[in-house]
1. Can you pull out the chymotrypsin sites (Phe, Trp or Tyr not before Pro) in region 244-286 that DSSP calls coil and that have at most 16 other Cβ atoms within 10 Å?
2. Out of the trypsin sites (Lys or Arg not before Pro) in region 455-497, which ones are loop residues according to DSSP with at most 16 other C-beta atoms within 10 Å?
3. GluC sites (Glu not before Pro), restricted to region 131-217: which are DSSP loop and have at most 16 other Cβ atoms within 10 Å?
4. ³J(HN,Hα) across region 243-251 via Karplus (A = 6.51, B = -1.76, C = 1.60, θ = phi - 60°), whole Hz, x for Gly/Pro?
5. Between Arg231 and Thr88, what's the calculated FRET efficiency when r is the beta-carbon distance and R0 is 45 Å? Round to 0.05.
6. Could you check the simple spin-label distance between Ala95 and Tyr300, using points 7 Å along Cα→Cβ, in nm with one decimal?
7. Region 511-611: percent of C-alpha pairs farther apart than 22 Å?
8. Sequence gap at least 6, Cα distance under 8 Å: using those rules, report the relative contact order of region 515-674 to the nearest whole percent.
Amino acid sequence: MKKFFQKKINLNLTFLRPSNGLRDRLWLERIKAPSYQKWFIGLGMAILLTLLLSPSLTLHIKDYKVGDIVTKEIKSPQDLLVEDEKSTQEKRVEADRSVLSIYDYDPFLLIDAENRIRTTFGSLAVSSERREKGNDPIEWRRKEWEATLRLPLSQKEWQVLEKERFNPAIGEAALRLIVPILRKGVVNDKDLLDPDADRGIIIRNIQTREERKSFPPFGFFDFKEAKAKVRSQADLPSPIKEKELSLIVLKIAEHFLRPNLTFNKDETEGKKAIARERVKPVYFQVKRGEVLLRPGDRIYEDHLLKIRAIKKAQERTHLFAMIIGTGLLTFLILASLYQFSTQNIRKIALFPKDLLFFSTTLLCLIAFLKLFQLMTDVLGEAFFSIPSSSYLYLFPVATGAMLIRIVLNSEVAIVFSLLACYFSAALMGNQLFYFIFTLVGSVMGAHHVARCEQRSILLKAGMIVGGINVLMILSYHLISGNPFKMTLLFDLVMGFSGGVLASVLVLGIVPIIESLFGYTTDIKLLELANMDHPVLKDLILQAPGTYHHSIIVGSLVEAAAKSIAANPLLARVSAYYHDIGKLKKPLYFIENVGGEENRHDHLTPTMSSLILISHVKDGVEMARENRLGERIGHIIQQHHGTSLISYFYQKAKEKENPDMESIKEKDFRYPGPKPQTKEAGIVMLADSVEAASRALTEPTPSRITSLVQRITNNIFLDGQLEECELTLKDLQKIQESFIRILTAFFHQRIDYPTSTISDLPKKRNDEDLDSKSAKTYPLKLKKNKKSGPKDIDRIGAS
């Protein structure tokens, strides 16, 4: 039993587990969700911005030589410490020269000479006294002499020593000649001393490792001087009287006289290397954005040092690490600003299409700025008189913010300005002034195109941005302390031209944006407000009552929108087209019936309500077909909200023996949605008020006021305005605006007295009747409330 239930559960789980095809469909639906689309757009924008800001896309400085003329401005892209190679080398040479040459003093040479001379003469003297029998003592002594002293003697010299029995005094006499000289030191040749020895040397005892400094004139001898010294000392009076013996003493002394001071090259070079390494490089600082050379300047040695430092910094740059860091920073800025703005700024509610337009505008702006930055190098080479830095003021960064403001709203334009100006400044080397300069221009440009009801407003906005740019540049030059530099005039001209260029670009780009993204801008609204539009012409011919109603509603909503700071142009144009759906069945709407029979008399209330409701759907379809734009389409869809068609609902309820269960209120309500914007809410109110005002028999100001308040309150209490941004204060201003306009429409006129033809003044002298034609008046019957027709009155007032 347990196994049976287990199998059944597994079988059910198998049926509940989605198939691969279903899983793919679910995944595709999840990807199509707006939240996922926004993430994809954001990540794509961050990646592309990172690539645009990457240093790999910058032009490297070309190679220069001393004496070359610079053709473009060279700036430092970052803070640099440039090594002054010349000063550093001078310091190292000085440190090198401060190290004295090291000469090794070998005391073992003197010690060895003393030991060998004294040992040999002592041993041979003893041997000469013993005269051992059976041996040849002379031959033995000669071998010992040659083995110990390694000094060959002639037979005559040997006989002299034998005669003197190898008196140790002979050896001491030889030592007296060389000991003082060897103690002072002997070099091979003073002319071959180290070139730096003229500043002194260090004499180091290789036995004790003690060092002492010796400065010119030196106390040591070279080998020639030592020999001469020995010979001169040999000629002085000494205990050795005999000449032959003196020559032997001199020969012994000269044999043991050898150089005992040698230059230690390795040790000297090692100490010099250590001294050079201890010398710290001499640096001078180059600040980021510092202008190193301007067009026309000549290259000198110090300029080459700075240029090489910039190139080395570019070569040392870890490109991959920089791209990762830039990408991470860019993503954090975009994500944090999007998170804050969407959750704290009420008017920022971007759909995927809006976010795509936002991203495309930002990317195109930065890409063209990057391209323009590269072009300034070419322009700098072509026109020496204009600094390349001045061209940056020509680039119209404000264009992006102006486009965003025209298409979306002010709040999004502010966020766009912050991002566009930050990334522009980062591209220019993180220049703070360029960020402030572009931000002020962008904000002012967006502000002055807020209500673009005429194309001249765009040009005026460009002129204002240009003027702001001029003031910003002037203030920067005043702050820098050099207000009247030669570049000031070029900067001012470029700054003003950049503002004007921004407005010109906006004029050309707006139609492209409208076509690509389907937006309805104020400029598009100006075109739609033209009464020669085909839809409005069809409305005049096929539904004249609806056309007249729409025109009056347009006047009402325009005045109301102005009173509450909404968009009056959008409200007016939307009012013109809000009932275009009635073109499908114009005779089913009372304002177009005229004197004909009311067709609803032969229809059930339910069918009549369906016909009335269908005009909203038909209007949305016609708006889409005629490319009226989403904003107008939304207002057409929302201008009735979910309101109740009360006339046919009450008529259905008043039927004889009505089936109350089959009559549902929702069947007599428009499908909605409710108005989402101020403009849609105003159109709903104006539509209802204007339609109700036609039923007033005597439209006095008090009755109009009562009607407007009653209709507005009913719509408000029905909850139709709860999803738009209209406040009670706005509703009060809208009511006052409606009352003022409707009172003017239904103004009263005085009754002119009637006259007969006989009462008309006769013409004199056959005066041409056409020159002063008589006025004719249309007539209507004015009914008395109590007794019916009262008199014949003119109907000049409408």
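Computed from the coordinates by the stated procedures, all read-outs in this text should not be read as laboratory data. Remember, it's a predicted structure, so these values are computed and weren't measured experimentally. Note that each Cβ is placed from the backbone with ideal geometry, even for glycine, and that neighbours are counted across all protein chains shown.
1. Values: sites: Phe256, Phe263, Tyr283, Phe284; in loops: none.
Of the chymotrypsin sites (Phe, Trp or Tyr not before Pro), not one in the loops of region 244-286 has a Cβ with at most 16 other Cβ atoms within 10 Å.
2. Details: sites: Arg455, Lys460, Lys485; in loops: Lys485.
Of the trypsin sites (Lys or Arg not before Pro), the ones in loops of region 455-497 whose Cβ has at most 16 other Cβ atoms within 10 Å are Lys485.
3. Values: sites: Glu132, Glu139, Glu144, Glu146, Glu157, Glu162, Glu164, Glu172, Glu210, Glu211; in loops: Glu132, Glu164, Glu210.
Counting only loop positions with at most 16 other Cβ atoms within 10 Å, the GluC sites (Glu not before Pro) in region 131-217 are Glu132, Glu210.
4. Computed from phi, the couplings for region 243-251 are 5, 4, 5, 5, 5, 5, 4, 5, 5 Hz.
5. Values: r = 53 Å, r/R0 = 1.17.
In this case the efficiency is close to 0.30.
6. 2.7
7. Details: 2144 of 5050 pairs.
Counting pairs separated by more than 22 Å, the tail of P(r) holds 42 percent.
8. Details: 194 pairs, mean separation 35.6, N = 160.
Computed value for region 515-674: 22 percent relative contact order.
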